[in-house]
4 protein chains.
Amino acid sequence: MTEGLSGSFNGKIHSLSVRIYYEDTDFSGRVYHANYLKYCERGRTDYLRLLDIQHEQLASLDVPLFFVVRHMELEFLAPAKIDDILQIKTHLVALKGVRFILAQNVYCGSDLLFKAVVTCAIINGQGKPTRIDADTRAKFQTQLA
Amino acid sequence: MTEGLSGSFNGKIHSLSVRIYYEDTDFSGRVYHANYLKYCERGRTDYLRLLDIQHEQLASLDVPLFFVVRHMELEFLAPAKIDDILQIKTHLVALKGVRFILAQNVYCGSDLLFKAVVTCAIINGQGKPTRIDADTRAKFQTQLA
Amino acid sequence: MTEGLSGSFNGKIHSLSVRIYYEDTDFSGRVYHANYLKYCERGRTDYLRLLDIQHEQLASLDVPLFFVVRHMELEFLAPAKIDDILQIKTHLVALKGVRFILAQNVYCGSDLLFKAVVTCAIINGQGKPTRIDADTRAKFQTQLA
Amino acid sequence: MTEGLSGSFNGKIHSLSVRIYYEDTDFSGRVYHANYLKYCERGRTDYLRLLDIQHEQLASLDVPLFFVVRHMELEFLAPAKIDDILQIKTHLVALKGVRFILAQNVYCGSDLLFKAVVTCAIINGQGKPTRIDADTRAKFQTQLA
């Protein structure tokens, strides 16, 4: 399976490759812990991109919609280092009225380095929780087990 | 109570002021979500600094010791924006053989924006969990309720 | 001279203290080179803040104005490291119709680590170069030698 | 010409694709200016990688060698925005005893957004300028016009 700049799906799991550069590391010689959240955000964005869920399109609806992160549970299992190529694996766990939950696992080869469970909310332009629109809901529902 | 560049204690709660600059914000006009982890790391570092727990000193012990983050639970309650001055409040929740748990709350004025519960492990130079040394343990124990 | 969170002026030179944390360093054990641009941007922002030149106020003029960086010349002289406290020193070098030039020097104690000459342009909401308004110009002119 | 995760050469010009994510943008809705230095550093690293000049190998020589940035001249011509795919184009301009100069241009489609001329020095483990080793020099010399 070829993987482009936006990653690819294998069944319902999206995978994105991320290279580790100098900018990602810190004084410890390993990846700075907060940077795993950046890789997960890249993974979520490309997961949604390949499902044809576009930030700009949602923002231009009659009731504009935005996604925000509400809750995260993170486990740091092993460190990544300079020049590593990581795989950011993302899949949908649950879809509720005004929120959805993604599981994101970061691998280097077969080693699991980092696990996140990410709860996102859908808000309108005033920041109020809002039900997801029917079209986007239909796209998400194809990804539930 | 004057607060220097490393923050200050009020009882057992350490507080550090952080200004929000362009670098901290994203396309949404608010602070990029992963950056709260940076502010918490600054807060933890200065919390330890004022307790006289020095990274460089621990790294130079006969058995060198390092702190690493193992687990985080994060709640994003409200967004910070450009020019805001945030207060990063840190206190010790628990101290076990090879790990300690800190609670970190980020405020803008009286508004609670972000909550983190952070579990740190103590490892040696080979990355193995290691009991904290007696001197550092004594410093931590003054901070338990 | 006491220095607050936004730094202070000594004559026409603004100085801001910046602490180096884990997030600032890279695999080399020193500060990641691009981060000096962040410290300079913090310094410019607080330089303007203390001159009472406010981004939000300029953006709300009849012809909204914004500052953007157009050109930089950078010299990396010596590296900063974890826990260092840097001084970001900023002063105005020139003021022209649609642009101004700042010199920014980064010190650790008496050691000069980094030098930047930064040319900023003033643009309107459509991104076109625009003459600076009279009020802001007057504030800048107090800072020329 | 297919381009992998490390980019590709077209003649003596290396090109690397970089996607713009939320993390790259700021409050202005565009890419934060300092982040172009990160993209250039990614480009330089992959330029060297495809020339088989490996940081880890140089660091393990009898006289360990490291590359550091000494000087940069930067022009910010037009802004990049969320979801853009940028091309980071890198080529060697000059090779001297203890330094080399790279030109790096950042494009979005056919639009030139950013230009950098980057002078790198070669240093030993004590930070002293050092002549490049014969093997690395030979690899660089294939890239001169």
| Per-residue ellipticity at 222 nm for chain B, helices alone: DSSP H runs ≥ 4 residues times -39500 (n - 2.57), over residue total, nearest 500 deg cm²/dmol? | -6000 deg cm²/dmol
| note | In whole Hz, the Karplus estimates of ³J(HN,Hα) for region C:96-105 (6.51, -1.76, 1.60; θ = phi - 60°; x where Gly or Pro) are 10, x, 10, 8, 9, 10, 10, 9, 10, 10
| field | Label point distance in nm, C:Asp133-A:Asp135, each placed 7 Å from Cα along Cα→Cβ | value | 4.0
| task | List the accessible area buried at the contact between A and C, summed over both sides and calculated with a 1.4 Å probe, in Å² to the nearest 100. | result | 900
| request: Kindly write out, for region D:8-20 in residue order, the coupling ³J(HN,Hα) from the Karplus curve 6.51 cos²θ - 1.76 cosθ + 1.60 (θ = phi - 60°), rounded to whole Hz, with x marking Gly and Pro. | output: 7, 9, 10, x, 9, 10, 8, 10, 10, 8, 10, 8, 8
| Positive-end residue, region D:8-141 charge dipole about Cα centroid, Cβ charges, pick of D:Gln126, D:Val31, D:His55 | D:Gln126
| task | Could you check how many percent of all C-alpha pairs in the protein assembly as shown are farther apart than 40 Å? | result | 27
| note | For chain B, the percent of all C-alpha pairs falling in each 10 Å bin, from 0 up to the bin holding the max distance, is 11, 40, 32, 15, 2
| query | Taking only Cα atoms, what is the 0 to 90° angle, nearest 10, from helix C:35-50's long axis to the longest principal axis of chain C? | reply | 50
| Distant alpha-carbon pairs in region C:49-130 (separation over 20 angstrom), percent | 45
| task | Could you do me a favour and compute the accessible area per residue for region C:8-145, 1.4 Å probe, result in Å²? | result | 41
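Would you kindly state the longest site-free stretch of chain A, with sites defined as trypsin sites (Lys or Arg not before Pro) in a DSSP loop (not H, G, I, E, B) surrounded by at most 16 other Cβ atoms within 10 Å? Before the final figure, lay out each step's value.
Values: sites that count: A:Lys12, A:Lys96, A:Arg131.
Result for the longest clean stretch: A:13-95.
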| query | Which of A:Ala116, A:Ala134, A:Ala103 moves the most in a Gaussian network model of chain A with Cα springs under 10 Å? | reply | A:Ala134
| request: Would you mind checking which residues have amide H under 5 Å from A:His71's amide H? H placed 1.01 Å from N; only 5 or more apart, or other chain. | output: A:Thr119, B:Phe76
| field | Copy-to-copy label separations for B:Lys12, where each label sits 7 Å from Cα toward Cβ, in nm and ascending | value | 4.5, 5.4, 6.7
| query | Hey, any idea what % of region A:8-141's accessible area is carbon plus sulfur with a 1.4 Å probe? | reply | 52
| Threshold 40 Å² - residues in region B:36-61 whose accessible area is reduced by that much or more when the chain is no longer isolated, probe 1.4 Å | B:Leu37, B:Lys38, B:Glu41, B:Arg42, B:Arg49, B:His55, B:Glu56
| note | Whole-Å distance linking the alpha carbon centroid of region B:71-107 with that of region A:77-96 is 23
| query | Accessible surface of C:Leu74 in the full protein assembly, 1.4 angstrom probe, to the nearest 10 Å²? | reply | 0
| Label distances, nm, D:Ala78 versus same residue in remaining copies, Cβ-directed 7 Å point | 4.1, 4.3, 4.6
| task | Could you pull out every residue, at least 5 positions away or on a different chain, whose amide H is within less than 5 Å of the one on B:Ala80? Hs are placed 1.01 Å off N in the peptide plane, and Pro or chain starts have none. | result | B:Val31
| field | Calculated label separations, C:Ala145, copies of the chain, 7 Å along the beta-carbon direction, nm | value | 3.7, 6.0, 7.1
| Closest Cβ on chain A to the rotation axis that carries it onto C (distance rounded to whole Å) | A:Asp26, 3
| field | Mean-position separation - Cα centroids, region D:4-57 and region C:1-46, in angstrom | value | 25
| Cα-centred dipole magnitude for chain C, charges only on beta-carbon of K, R (+1) and D, E (-1), debye, nearest 20 | 480
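The values are calculated or read from the model by the stated rules, or taken from the named source; none is laboratory data. This is a predicted model, so every value here is computed, not measured. Glycine also receives a Cβ, built like all others from the backbone with ideal geometry; neighbour counts cover every protein chain displayed. For accessibility, only protein heavy atoms count, side chains too; no ligands or nucleic acids. Shrake-Rupley method; radii C 1.70, N 1.55, O 1.52, S 1.80 Å.
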